[in-house]
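One structure below.
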Amino acid sequence: MIGLKPGLHYYSIRWLKPTAIDKIKFGQLLYNYSTHKLKTAASVTASEDISAKTEFEDLYLTVRRKEGRFYTDEQVSRLPEIDEIHPYFHEWQMRARSANRLISYLQKKNRPLSILEIGCGNGWLSAKMEEMDGALVTGMDANKPEIEQARRVFKNSSVRFIYNTFNPESFGNFVKFDVIVFAASFQYFPSARAIIDEAGKLLNAGGEIHILDTHFYDTEQAKLSAGRSKNYYTTMGVAEMAGHYFHHSLNCFDGYDHKAMFNPKNWLNRITKKDVFYWIRIGPTQTLPGREGFKKNQIKVSPTGGDLEGAL
């Protein structure tokens, strides 16, 4: 096992080439802040086995099955590309464009990045981000079948897939990330502000949170959409799922240093009507996480996406 002194976190070695990083067990580098020992891959697996499925996981998997959103390994390996006859072909086209925009943005930083994707599902986006030069990617999800599929399909990549609900304390005090991504997962967290603050604890100074492939609403739209979702899940026979799907207002970003990197309500995007999801960047952090990490009360304008304030 590789020894790490207390205070030296996983990404202190991010200057190594990915081929070297790939040889290092992720479980060997998760620092247990309470015992000053490193968790092994075996201990992580053991904790997974004893964790009973949550109500959310059961409901989520039922909905996925009823909606026809389970994919074969071969399909997952090609995502976001999918056959034109697939019922979600147009949705995957949107997700392909949003993924390309994110990756293009991250590549322009011209440096190795440590990235955490929260709610990575079957892992396709984590695998795409791992292809960036020097990227170290971790994918986390509370959906065990899809995490197992991600591990199976992308076994030859260096992405580390973790089956767990998100809790920053699970990573200890010495594992931090440059970028945290929520892609089609932010709507499953009841409090937008709480999850932003929790995720912010895991950011390196100058780190960013990116939220994409999620609908955002004004206050009145959020109420109407919540009613439609309740009817949708009730008709499907999974009424309880409505209690786990949340309709966040754009106002949830008030007070954070944030920017609409892509705004579907920008006049040009309204005309093309190709993409319906916002892409929101929070940060970069100005100080250490947990110490007023996100500079407050600033709204920036994207030259291509439009300003968030104007979309309210």
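The values are calculated or read from the model by the stated rules, or taken from the named source; none is laboratory data. Source: prediction; values computed, not measured. As a convention, Cβ positions derive from the backbone with ideal geometry for all residues, glycine included, and neighbour counts pool all protein chains shown.
Selection of region 207-221 for residues being touching a helix residue (DSSP H, G or I) at 6+ places or on another chain (Cβ under 9 Å) and free of Cβ contacts under 8 Å to residues at least 60 places away in the same chain yields TYR217, THR219. Each residue in region 166-186 was checked for being surrounded by fewer than 20 Cβ atoms within 10 Å (Cβ to Cβ) and within 19 Å of THR214 (Cα to Cα), and 1 of them qualify.
One residue alone among GLY134, GLY119 is under 23 Å from GLU169 (Cα atoms) and small (Gly, Ala, Ser), and that residue is GLY119. Pairs meeting the criteria (first residue in region 83-105 and modelled with pLDDT of 95 or more, second residue part of a loop (DSSP other than H, G, I, E, B) and of a type in the set (Phe, Trp, Tyr), beta carbons under 8 Å, at least 6 apart or on different chains) are MET94/PHE277; SER98/PHE277. Of all residues in region 109-150, those being aliphatic (A, V, I, L, M) and within 12 Å of ILE162 (Cα to Cα) number 7. Taking the criterion of being in a helix (DSSP H, G or I), among the aliphatic types (A, V, I, L, M) and out of contact with any helix residue (DSSP H, G or I) (no Cβ under 7 Å at 6 or more places or on another chain), the residues of region 80-105 that qualify are MET94, ALA96, LEU102.
Take the conditions (1) of a type outside the set (A, V, I, L, M); (2) touching a residue at least 60 places away in the same chain (Cβ under 8 Å); (3) touching a Ser or Thr at 6+ places or on another chain (Cβ under 9 Å); (4) surrounded by fewer than 17 Cβ atoms within 10 Å (Cβ to Cβ); GLU131 misses just one of them, which is (2).
Filtering ALA199, ALA205 for residues that are under 11 Å from the mean Cα position of the chain (by Cα) and either modelled with pLDDT under 95 or more than 22 Å from VAL76 (Cα to Cα) (or both) leaves a single hit, ALA199.
Okay, residues lined up against (1) at pLDDT below 95; (2) surrounded by 14 or more Cβ atoms within 10 Å (Cβ to Cβ); (3) over 29 Å from ASP178 (Cβ atoms); (4) touching a Cys at 6+ places or on another chain (Cβ under 9 Å):
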position	(1), (2), (3), (4)
ILE209	no, yes, no, no
HIS215	yes, yes, no, no
GLY237	no, no, yes, no
SER249	yes, yes, no, no
LYS274	yes, no, yes, no
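Against the list (1) modelled with pLDDT of 95 or more; (2) assigned to a helix (DSSP H, G or I), the condition PHE56 fails is (1). Among the criteria (1) under 17 Å from GLY255 (Cβ atoms); (2) assigned to a strand (DSSP E or B); (3) in contact with a helix residue (DSSP H, G or I) (Cβ under 7 Å, 6 or more places away or on another chain), the one ARG193 does not fulfil is (2). Kindly indicate whether any position in region 137-160 is closer than 25 Å to TYR233 by Cβ, surrounded by fewer than 23 Cβ atoms within 10 Å (Cβ to Cβ) and basic (Lys, Arg). There is at least one residue in region 137-160 that is closer than 25 Å to TYR233 by Cβ, surrounded by fewer than 23 Cβ atoms within 10 Å (Cβ to Cβ) and basic (Lys, Arg).
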